[in-house]
Amino acid sequence: MVTYHRRFLFWWGLLLFLCKLGSRRQLDFQLRDPELRVLANVNRLSECEQDSLPVNKTLSHFLGHVGSQSIAQVRTQCVRRLIRNKVLDGTRLFGCLVFAVDGTGFLTFKHRHCPHCLVHKHGSAVYYLHPVLEAKLVDPRGLALSIGTEFMENPLEIAADQPPDLAQLSDYEKVKQDCELKAFARLAPQLKADFPQLRLCASGDSLYACGPSLTICEQNHWSFVLTFKPGRTPSLWKEFEGLLKLCPNNRLHARLPDGTRQHYRWVNDLEYQDDEGRHHKVNALLLEETSGPETHTFAWLTDLPLRANTVGAVAEQGGRIRSKIENQGFNLQKNSGLNLEHAYSEDPDVLKAFYYLLQIAHLFLQMFEMGSLLQHLAKEYDATPLQLFGSLKNLNQRFLECLRFFELGEEAFARASCQIRLLDSS
């Protein structure tokens, strides 16, 4: 029987995503060849002395043994290290790191996968879902670093061979399903426990512009910038519209280098009473942006002070930056080779462990793609990264080829011992 060290198996799982192999089986096809240099390189990365490479089932067994929360703790340690080394300090909004919170589809099945599947009816078909709520640190450079995850799961134990009656499915969805707001209430305490002293600002869509989310932010001493829509809090929106007319000095006109015109208006110290009778004091910001013949309107609720010298930063770095979690987060993880929506296991907890491995790998990839190391490498060849590799897809392919055909020596690791610094967004 072969025994593998935990560090070795952790790196083996991480390489599944760093090389963007797409499935566990590709580990066997792409990397398990005794003629390749893979074993020596993984030993060097993990500081181990293994004699053979594991099959992909060994990786699943390892993840099932250590549990998904152990992998989640590694992700937290990685983010803490970046914060401690002040790598992310240039992304702060009035001293706060901004995290976007949003949900996305993770896995979808046509049969009940486990007792906790969410159930959704579409026409005559029934789907069993495993969505996930993510909190990601975001910044103007395009970073989207996962710092918190809550899986949305049905809390009721329902037998796998007894799907719900379709006639009652609409009631089932309304009453028994988990949702983003419930998941956020569970995610917040863990996020606070992982980063108790960190100043954070929550950025979310209009779903979160409500009493429960505001209370969570206030209790955890987090700032917030949340999309403000009249349909979500109609009474507050009506009051905001009325007070705008009484605050003619609270306005700012700006013109961007591309000719886009921006018109900011705002009101501070709005009183909001939620459905539970709790009172909140919020500020509201309205932005009308005109580019050519089109004008778009945006609005946000925030606790940050709104003045002529702050509204631009609140809108751009706190409000509109929320789209990074979708574009640089979920979309890239689903479509760039990381294969977020692939079921890497049938075991529910092992699935979560693979999910956390993916988040750690994406963190590593972002540090390399947006950091100084890639720029320094390109400069050695008197080229730009685009000229050197052509695309990020080619970059991952080159990494896979190096792992397979070139043995990493002491010189390679000595050169990689420098600190990676993120490039300025400008």
What lysines sit close enough to LYS192 to cross-link, taking a C-alpha to C-alpha distance under 30 Å and skipping anything fewer than 8 places away on the same chain? LYS86, LYS136, LYS174, LYS176, LYS182, LYS229, LYS281, LYS324, LYS334, LYS352
With Cα atoms, 0 to 90° folded angle of helix 348-369 axis to the chain main axis: 80 degrees
Express the C-alpha Rg of the chain as a ratio against the empirical globular expectation 2.2 N^0.38 Å, rounded to two decimals. 1.09
Report the net charge of residues surrounding TRP266, where surrounding means a beta-carbon distance below 10 angstrom and charges are Lys +1, Arg +1, Asp -1, Glu -1. +3
Cα-centre dipole for the chain with unit charges at Cβ (Lys and Arg positive, Asp and Glu negative), debye to 20: 660 debye
Quarter of the surface of the C-alpha convex hull for region 327-382, i.e. direction-averaged projected area in nm², equals 4.6 nm²
In which sequence would ARG37, ARG81 go, from the one with the fewest C-beta neighbours within 10 Å to the one with the most? ARG81, ARG37
Summing +1 per Lys or Arg and -1 per Asp or Glu among the other residues with Cβ less than 13 Å from PRO212's Cβ gives -1
Residue separation between GLU316 and GLU411 times 0.36 nm, minus their alpha-carbon distance, gives in nm 29.9 nm
I'd like the orientation of helix 68-84 relative to the chain: the angle between its Cα long axis and the longest Cα principal axis, in ° from 0 to 90, rounded to 10. 70 degrees
For ARG186 and GLU49, compute 0.36 nm times the residue count separating them, minus their Cα-Cα distance, and round to one decimal in nm. 45.2 nm
In region 285-331, what trypsin sites (Lys or Arg not before Pro) fall in a loop by DSSP, with at most 15 other Cβ atoms inside 10 Å? ARG307
Karplus 3J(HN,Hα) series, Hz, for region 330-336 with 6.51 cos²θ - 1.76 cosθ + 1.60 (x for Gly, Pro): 5, 4, 5, 5, 8, 10, 9
So for the pair ALA193, GLU294, with labels modelled 7 Å out along Cα→Cβ, what separation do we get in nm? 4.5 nm
Rounded to the nearest Å, what's the spacing between the alpha carbon centres of region 265-305 and region 70-127? Just the number, please. 26 Å
Quote the Stokes-Einstein diffusion coefficient, in whole µm² s⁻¹, for region 174-277, based on the Kirkwood radius over alpha carbon pairs, a temperature of 20 °C and a viscosity of 1.002 mPa s. 132 µm²/s
Using 11 Å as the cut-off for backbone N distance, which residues of region 261-295 belong to the label zone defined by a point 7 Å from the Cα of THR215 along Cα→Cβ? 274-279
Please compute the net charge surrounding PHE240, taking Lys and Arg as +1 and Asp and Glu as -1 over other residues with Cβ under 13 Å from its Cβ. +1
Would you mind putting 94-102, 368-376 in packing order, based on average other-beta-carbon counts within 10 Å, highest first? 94-102, 368-376
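Quick note: the coordinates plus some simple rules give every number you see, no bench work behind them. Since this is a predicted model, take the numbers as computed values, not measurements. Note that each Cβ is placed from the backbone with ideal geometry, even for glycine, and that neighbours are counted across all protein chains shown.
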